[in-house]
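Below is one structure, written out as structure tokens; comments come after it.
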Amino acid sequence: MKKNWFINLALMLTIIFTVVIFISYETLTEKKVTEVSVAVSRTPLSAPFYIAQEQDFFAQTCVSVNIVDVYGGNKAFEEVIDGNVDFATSSDTVLAFQSLNDLKFVTHATFVQSDNDVKLITRANDNIGSGKDLVNKRIGVIRSSASEYYLSIYLALAGLSFDDIQLIYYSPNQLLGAFQNNEVDAIVPWEPFAFKSIQQLGDQAQLHKTKNIYTLTFNLISKELYTNEQIDQAKCLLDGLSLAIDYIASKPKHAQQIIQKKLQLSPEFISWTWPDYIFKLNLNRSLLLNIESQANWAIKYKMTKQTQSTDANNFIDSRALMQINPMAVNIRP
């Protein structure tokens, strides 16, 4: 009887021990799920985010991601600074202007670039063939943006400046109307407004060949990160984006279909813009140079009260990307 009691006790202890070991193992091996919110600008440039969401790539990289759709990199940036989201997508032009506002933010990676996103459109019957033909012309641009910066480069290549033209400012969705109402002789929209303008204007419009004049980048940004948990959040996001970028490369047609459906775009627009996109995770010195040159440009044209730009290195945090692909970083902290 006593022997049976010891046997039963030993059996019970063995079962309890096995259950404890199993639970401990499951706890240790279970992926840590981190909840992250990201303000994403509704544009095909943000394709890696939408594809990662559609294909559940974020779920594979330990992140539960809430994507908040916004219109434009400026709005996405504001969402981060106001504390409404953890991360955001933003162009290098937005970063350049915000670097002059004494704000604490960092860039974790560039995930796409395009050298043909901003375009110059004039009237076909105005015989404007080059930058020199824009002298004294009325040109509609978007204030303090890639639109205005792009135009300054185009003019400079022709030996001109803003003093040689008449700048008129509009919001992105007002440019086409201003052109149709003959308020301006040329407009400088970005996509998808350039495509919509060309579609509606048809033979009345002349699209100038300005590819490679200005390369726009979209970047993952946040406020400064102070904890390991925050760095892990950035890393998990970048892991998901990396999977999405691989998917874009291996299944481009399906990737385009996902973006077309998500953003309710026409196949013609996707075909129009997609060849100009290079999807790749990196942190290059070219980003620093773009931020610094655009910040100095803003100071030169008195678009800010600041008289001196800040070191662009202050707005780079390479810790997350270094854990994923050190070769993608040629900027060091």
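The values are calculated or read from the model by the stated rules, or taken from the named source; none is laboratory data. Because the structure is a prediction, the values reported are computed rather than measured. A quick note on method: Cβ atoms are made from the backbone with ideal geometry, for glycine too, and the neighbour counts reach across all protein chains shown. Heads up: the accessible areas ignore ligands, DNA and RNA and are worked out on the full protein's heavy atoms, side chains in. Shrake-Rupley method; radii C 1.70, N 1.55, O 1.52, S 1.80 Å.
Odds and ends about this structure:
- Legend: distances between Cα atoms for K119/K262; K209/K302; K75/K209; K104/K253; pairs beyond 32 Å are K104/K253.
- The chain, accessible surface, carbon-and-sulfur percent (1.4 angstrom probe): 51 percent
- Per residue, in Å², the accessible surface of region 59-118 once ligands and nucleic acids are set aside, probe 1.4 Å: 35 Å²
- Under the span-like rule (Cα at least 24 Å along the axis, Kyte-Doolittle mean at least 0.0), DSSP H helices of the chain: 2-29, 228-250
- For peptides 231-238, 304-311, sequence by mean Cβ density within 10 Å, most packed first: 231-238, 304-311
- For region 146-283, the solvent-accessible area of protein heavy atoms averages 47 Å² per residue (probe radius 1.4 Å; ligands and nucleic acids excluded).
- Note on Q199 and Q166: with the Förster distance fixed at 41 Å, the Cβ-Cβ geometry gives a FRET efficiency of about 0.95.
- Where S91, S144 fall by accessible area, highest first, once all protein chains stay in place (1.4 Å): S144, S91
- In Å², nearest 10: area of E268 left accessible to a 1.4 Å probe: 110 Å²
- Taking semi-axes √(5λ) of the Cα gyration tensor in Å as calculated from this structure, the corresponding entry among (1) 46, 24, 17; (2) 50, 22, 15; (3) 34, 22, 17 is (2).
- Net charge over other residues, Cβ less than 14 angstrom from the Cβ of H254 (K, R count +1; D, E count -1): +2
- The chain, helix-only ellipticity at 222 nm - DSSP H runs n ≥ 4, -39,500 (n - 2.57), divided by all residues, nearest 500: -13500 deg cm²/dmol
- Sorted into 10 angstrom bins from 0, the C-alpha pair distances of region 25-170 split as 9, 31, 26, 19, 10, 4, 2, 0 percent.
- Only Lys, Arg (+1) and Asp, Glu (-1) charged, at Cβ; region 204-333 dipole about Cα centre in debye: 400 debye
- Debye, to nearest 20: dipole size of region 44-154, +1 on Lys, Arg Cβ, -1 on Asp, Glu Cβ: 620 debye
- By average C-beta atoms within 10 angstrom, highest first, the peptides 101-114, 245-258: 101-114, 245-258
- Inter-site label distance for D311 and K211 at 7 Å from Cα along Cβ, in nm: 3.9 nm
- Largest mean-square fluctuation among I168, I67, I187, in a Gaussian network model of the chain whose springs join Cα atoms under 10 Å apart, belongs to I168.
- Taking a sphere under 15 Å around the Cβ of I324 and counting the other residues whose Cβ falls inside, with K and R at +1 and D and E at -1, yields a net charge of -1.
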